[in-house]
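In what follows, a structure is listed as structure tokens, so that the remarks can point back to it.
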């Protein structure tokens, strides 16, 4: 497999391991009753801090648990003013620190900096991803090829799923000789063999029980391509249903069972040209969906099995052209929530909802480590409100607006907000001057295209034709009035990145004992720390017949001795005991099957 090399790669390959582990400090919680200091128990998180450090802080609780990751990292266009901040111990990379990454031709190391920034973050994201999870990464052509190569290296080329093309601006943004209309979303699995994406609803299309002529018009479970799908090559799809054909309801629909019932007749997929056809579903899937199955005897006498669900679905396509995925909708969404546009070319929540529809179930954990204005959290809340789900979101934002914008947006979405009032908005704006008069025909064409996109979007009550205003070619739209948006409900807690757990080879006394215990137990078992035992306060927990003890006192030296052994009440095959000093002989340790670990020397590092 080809790999990509760049300046600094050898220094960042293991940077995620060298990065110190920091704890997370909850600052407040929020729900429909408002903001409060006490913990409301929410599993939704908004974290303010460097996302490399924050991702590492999530490992003790979330490694291997994140079902869906969506990130929208800097595209490295040269217009984003992003800064390389990772303090890698190398003179070359040290020279990059705190310098704004420049444009192509102005900054010869711009791609090296971007790759050095992304690589360790992707390594941690891969660890956090569940075995049956997937990551979706928005990117444009500035770094798409490079991103593909490092993702092949980190996730494995065999786990590459797809590159989705998303139409984000139908009239295009002019770059060189072409007007660019699209961006990309790269999709990778943790383990492709375990991925099972959901089909998506076809907008505006529903099952109809009867067509206009009174005939049945449902998509049945029988597979129509009998040459490709038959008993020979799909034997697991060949089995009988049992139909209560003599007792149809008022619509002529009969109940269906996967297993025999008295009075029900046996129905098999029919034979076609000597080939025994099969059903679309295996027997287990049919059983899971049995409550939604029905049967109908057609005019030809054939009994057909159907699913009663109303919405039509299909497998996701690789080109997404829905107008609600365009940046014009993302901008409108920000203006409705905040009264003004916050960021350029924002992603709309509908785009993230489509990803969640494909890649999550109702209880999935969703992570966004480049959270921006909080669109991913908004999408999760919308999805939960729509289908009654309990998806959780974790959003990380390093900039100072994490509270004032990211969290603020989520607060307003939870409680509801009033959309922006009617007002004019400039949709296209370009200055005409002697130096660019030759470009006037193209500018006029761009303005007309912008007008057509705005008209088609449904966002505006009216859109003006291109007109000259003080030597500027402009298209102006009036924003459609929108009634108050009802809140989604939900909750979250807001966190700041806290202190490092270890300072050199010593425990950081600024870190609470409970956070130290959680870290130690995770490093030993890769499990979350269970509630503390009142009977044995030094017990961390039991895993695979091993009992783990953390004998620690902040202001005193702890000694593993016979006196401490007498306090142990938990029966286990082996014991792992942390303390400052061990006073037991080696024979005693072996006799009682004890492994002694010294605090803090033997505390493993993530």
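The values are calculated or read from the model by the stated rules, or taken from the named source; none is laboratory data. In this text, all values refer to a predicted model and were calculated from it rather than measured experimentally. All Cβ positions, glycine included, derive from the backbone under ideal geometry; neighbour counts span all protein chains shown.
Key figures for this structure:
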quantity	calculated
Members of region 291-323 that are closer than 19 Å to residue 173 by Cβ and outside any loop (DSSP other than H, G, I, E, B)	319, 320, 323
Residue match in region 60-78 (condition: surrounded by fewer than 18 Cβ atoms within 10 Å (Cβ to Cβ), touching a residue at least 40 places away in the same chain (Cβ under 8 Å), in contact with a strand residue (DSSP E or B) (Cβ under 9 Å, 6 or more places away or on another chain) and farther than 20 Å from residue 19 by Cα)	yes
Yes/no for residue 490 being farther than 20 Å from residue 327 by Cβ, in a loop (DSSP other than H, G, I, E, B) and either in contact with a strand residue (DSSP E or B) (Cβ under 9 Å, 6 or more places away or on another chain) or touching a residue at least 60 places away in the same chain (Cβ under 8 Å) (or both)	yes
Which numbered condition residue 255 misses (of (1) part of a strand (DSSP E or B); (2) within 15 Å of residue 227 (Cβ to Cβ))	(2)
Scan of region 126-143 for residues that are surrounded by fewer than 19 Cβ atoms within 10 Å (Cβ to Cβ) and part of a strand (DSSP E or B), ordered by number	131, 132
All strands (runs of 3 or more DSSP E) inside region 436-479 with 2 or more residues being in contact with a strand residue (DSSP E or B) (Cβ under 9 Å, 6 or more places away or on another chain) and surrounded by 13 or more Cβ atoms within 10 Å (Cβ to Cβ)	460-463, 472-479
Single match in 345, 370 (criterion: more than 15 Å from the chain's Cα centre (by Cα) and either crowded, with 22+ Cβ neighbours inside 10 Å or within 29 Å of residue 453 (Cβ to Cβ) (or both))	345
Residue count, region 1-21 (criterion: crowded, with 20+ Cβ neighbours inside 10 Å and touching a strand residue (DSSP E or B) at 6+ places or on another chain (Cβ under 6 Å))	0
Criterion: modelled with pLDDT under 80 and surrounded by fewer than 15 Cβ atoms within 10 Å (Cβ to Cβ) - qualifying residue of 429, 421	421
Residue in region 144-190 that is farthest from residue 370 (Cα to Cα), counting only those that are at pLDDT below 95 and part of a loop (DSSP other than H, G, I, E, B)	177
Residue satisfying all of: in region 282-332; in contact with a helix residue (DSSP H, G or I) (Cβ under 6 Å, 6 or more places away or on another chain) and modelled with pLDDT of 80 or more; nearest to residue 264 (Cα to Cα) among these	282
Within region 498-606, helices (runs of 4 or more DSSP H) holding 2 or more residues that are surrounded by 12 or more Cβ atoms within 10 Å (Cβ to Cβ), without any contact (Cβ under 8 Å) to a residue 40 or more places away in the chain and more than 38 Å from the chain's Cα centre (by Cα)	562-565, 586-591
Boolean, residue 250 is farther than 20 Å from residue 298 by Cα and either exposed (fewer than 11 other Cβ atoms within 10 Å of the Cβ) or modelled with pLDDT of 80 or more (or both)	no
Checklist (1) modelled with pLDDT of 80 or more; (2) surrounded by 16 or more Cβ atoms within 10 Å (Cβ to Cβ); (3) outside the structural domain of residue 68 (by TED's automatic domain parsing) applied to residue 262, failing item	(2)
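So that you can scan it fast, the table gives a plain yes or no per residue for (1) part of a loop (DSSP other than H, G, I, E, B); (2) under 19 Å from residue 185 (Cβ atoms); (3) in the same structural domain as residue 71 (by TED's automatic domain parsing); (4) free of Cβ contacts under 8 Å to residues at least 24 places away in the same chain:
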position: 329; (1), (2), (3), (4): no, yes, yes, no
position: 340; (1), (2), (3), (4): yes, no, yes, yes
position: 352; (1), (2), (3), (4): no, yes, yes, no
position: 384; (1), (2), (3), (4): no, no, yes, no
position: 394; (1), (2), (3), (4): no, no, yes, no
position: 406; (1), (2), (3), (4): no, no, yes, no
